[in-house]
1. For a quick check, take a GNM of the chain with Cα springs below 10 Å and name the residue from 234, 249, 37 with the largest mean-square fluctuation.
2. Which value in nm describes the separation of the simple spin-label points at residue 46 and residue 253, placed 7 Å from the Cα toward the beta carbon?
3. Quick check for you: which residues of the stretch 95-119 have the amide N under 19 Å from the point 7 Å beyond the Cα of residue 78 toward its beta carbon?
4. With springs connecting C-alpha atoms under 10 Å apart, model the chain as a Gaussian network and identify which of 126, 141, 117 has the largest mean-square fluctuation.
5. Measuring from label point to label point, each 7 Å out along Cα→Cβ, what is the residue 204 to residue 308 span in nm?
6. Relative contact order for the chain: what percent, with Cα pairs under 8 Å and sequence separation of 6 or more?
7. How much length, in nm to one decimal, is gained on full extension between residue 215 and residue 91, taken as 0.36 nm per residue of separation minus their Cα-Cα distance?
8. Roughly speaking, what is the stretch gain from residue 277 to residue 118, that is 0.36 nm per residue apart minus the C-alpha to C-alpha distance, in nm to one decimal?
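Read-outs throughout are calculated quantities, based only on the coordinates presented, and are distinct from any laboratory measurement. Please read these numbers as outputs of a predicted model, since none were measured by experiment. Positions of Cβ are backbone-derived with ideal geometry, glycine not excepted, and every protein chain shown enters the neighbour counts.
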Ligand code: RIB
């Protein structure tokens, strides 16, 4: 993987911002296991790693590694996890002016990764629970610069709703990733352009099985989203916008670790939308970035840089 040199990092830092990500930062404690333990079972893990994570930070790093000018609004704690949790944000050149340090623990995720790449995650929010309306007011200058605002649901939902309203008001496109799965207010859904969900999250919002892709994306638009993308893992993605319904395939690769693949998709999608791509074209690019990410361990540490070849 090719990290940018000092000159490229300085050039990016001096530039304005295309994408604002408001969201979570976690330290991921990743345990490699042959399979996931059953309730009540003790299992011997193979290896353990402390890696940077959090859906918001993952999405910011994904977009920045691909060349996006990204600013991040969020919070870490005052414990020993704050440094490791933000190391890749710094390395990718994300603007951290609005990353607050609040007393207490940094967000922590315990991730088990089984053979075949499937993961199971438990998240303790820590400082992410402190990302509030005041954090957004402090970052007011960013809303006028960015063309895309990326949001997920690992910070208080009231903050997500306020950020979406602010962004929409200032003319930024709201990319809402409704993860982890949760119900959404109609007001928030109505600002999503696109709403990005996986199958599980889509099912919760719809209140029934997806049925055909056409029916599922149409159902989410009926609920109020301006446009929709449903990610389908190795089966690619389906979506719907003003131009109608579409689907894109995913490159077939061998999965080592699927942690953060959805975040790689969202970060890449944000970047492509910020540079003016149509939603379907942006999703095609994002499926390739997500496919690249599952081939390596970890979330941020697995994301491709701008000049890396994609599958
Ligand atoms: O989407 C993957 C992320 O979910 C992990 O990095 C973990 O921190 C949790 O937030």
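1. Of the options given, 37 has the highest mean-square fluctuation.
2. 1.8 nm
3. 99-108
4. Highest fluctuation among the options: 141.
5. It works out to 2.8 nm between the two label points.
6. Numbers: 764 pairs, mean separation 58.2, N = 311.
Across the chain, relative contact order equals 19 percent.
7. Values: separation 124, 0.36 × 124 = 44.64 nm, distance 4.17 nm.
Between residue 215 and residue 91, full extension yields 40.5 nm more.
8. Values: separation 159, 0.36 × 159 = 57.24 nm, distance 3.09 nm.
So the chain would gain 54.2 nm between residue 277 and residue 118.
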